[in-house]
Structures are given as C-alpha cells and as structure tokens.
Amino acid sequence: QVQLAESGGGLVQAGGSLRLSCAASGSIFSIRSMAWYRQAPGKQRELVGIIITDSTTNYADSVKGRFTISRDCAKNMVFLQMSSLKPEDTAVYYCNALVATSGRSAPYNYWGQGTQVTVSS
C-alpha cells in the first residue's frame with residue numbers, strides 16, 4: 001500500500017502565497033508522476049499541475065505563471081508553490097501519485113486526503 005500525506009493548506013488573503021507539500025510512503029518501487037488536483041464546492045475535481053519522471057511539467061491554464069510544481073525524487077515528495085492567489089483558487093487540494101509497487105506491477109493512482117486552501121478577498 002501507498003500513502004500520500006499533504007500539508008501546507010490554510011487561509012490566505014488574495015495576492016498571497018502558500019506552499020503545499022505531499023509525501024508518499026509505503027510500498028513504492030517507482031513513481032511515474034506526481035500531481036496536484038483541486039475540487040471547489042459544487043465543481044468537479046480538476047488537474048492543477050503535474051510533474052512526471054523526467055521533470056516535465058504541465059499546468060491548468062488558470063494557474064500558469066502563478067503556481068509551480070516541483071518534486072524531490074529522493075524523498076518521494078511533491079510541492080506546489082502558489083503565488084498571486086485568487087479567491088477562485090479556494091478548494092480542497094489533493095495530491096496524486098502514479099506508483100508502481102513492484103517491477104512487474106502496473107502503476108496505480110493513489111490519492112491523499114486533501115488539504116483545504118481558502119483565499120479571502
């Protein structure tokens with residue numbers, strides 16, 4: 001089994017910054033990608049940013065230029081630096097990782113419990 005633990009959420013004023021962290025632990029053979037998703041009340045969960053093994057990144061258009069995803073492969077961690085936050089960034093942010101638990105198993109998507117980010121106007 002693989003566990004993902006997020007931290008760093010909270011309440012911030014518009015224009016402020018927050019840094020989210022996520023640590024993966026458990027039976028990890030390799031991590032193919034790590035990502036951040038978010039879900040606002042009444043809306044579908046959406047991809048915020050993703051970073052894959054070769055450090056290629058991709059972002060939702062709504063956060064490009066404001067958010068930066070990074071990864072510490074040695075510690076199985078992923079980070080999301082969020083700047084110039086807007087009230088519309090308010091959501092529960094979920095960590096996601098595509099993990100293979102052995103050399104012969106197909107990778108599987110794991111999710112964290114989520115961390116609340118609230119941006120006040």
Quick check on segment 74-97. Is at least one of its residues touching a helix residue (DSSP H, G or I) at 6+ places or on another chain (Cβ under 9 Å), more than 18 Å from Ser7 (Cβ to Cβ), open to solvent by 60 Å² or more (accessible area, probe 1.4 Å) and at pLDDT below 95?
no
Filtering segment 8-49 for residues that are part of a strand (DSSP E or B) and either surrounded by fewer than 16 Cβ atoms within 10 Å (Cβ to Cβ) or in contact (Cβ under 8 Å) with a residue 40 or more places away in the chain (or both) leaves a count of 26
| said: Any residue at all in segment 64-82 that's touching a residue at least 60 places away in the same chain (Cβ under 8 Å), closer than 16 Å to Gly26 by Cβ and of a type outside the set (Asp, Glu)? | reply: no
So, first residue within 15 Å of Leu80 (Cβ to Cβ) in segment 104-116, second residue open to solvent by less than 90 Å² (accessible area, probe 1.4 Å) and part of a loop (DSSP other than H, G, I, E, B), Cβ within less than 6 Å, six or more apart or across chains; the pairs are Thr115/Gly9; Gln116/Gly9
Scanning segment 58-71 residue by residue, the ones that are open to solvent by less than 60 Å² (accessible area, probe 1.4 Å) and assigned to a strand (DSSP E or B) total 5
If we keep only residues of segment 99-111 that are open to solvent by 50 Å² or more (accessible area, probe 1.4 Å) and hydrophobic (A, V, I, L, M, F, W, C), then the residue modelled with the lowest pLDDT is Ala106
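The values are calculated or read from the model by the stated rules, or taken from the named source; none is laboratory data. Values in this document were obtained by computation on a predicted structure and should not be read as measured data. Because the Cβ atoms are built from the backbone with ideal geometry, glycine has one as well, and the counts that use them run over all protein chains shown. For accessibility, only protein heavy atoms count, side chains too; no ligands or nucleic acids. Shrake-Rupley method; radii C 1.70, N 1.55, O 1.52, S 1.80 Å.
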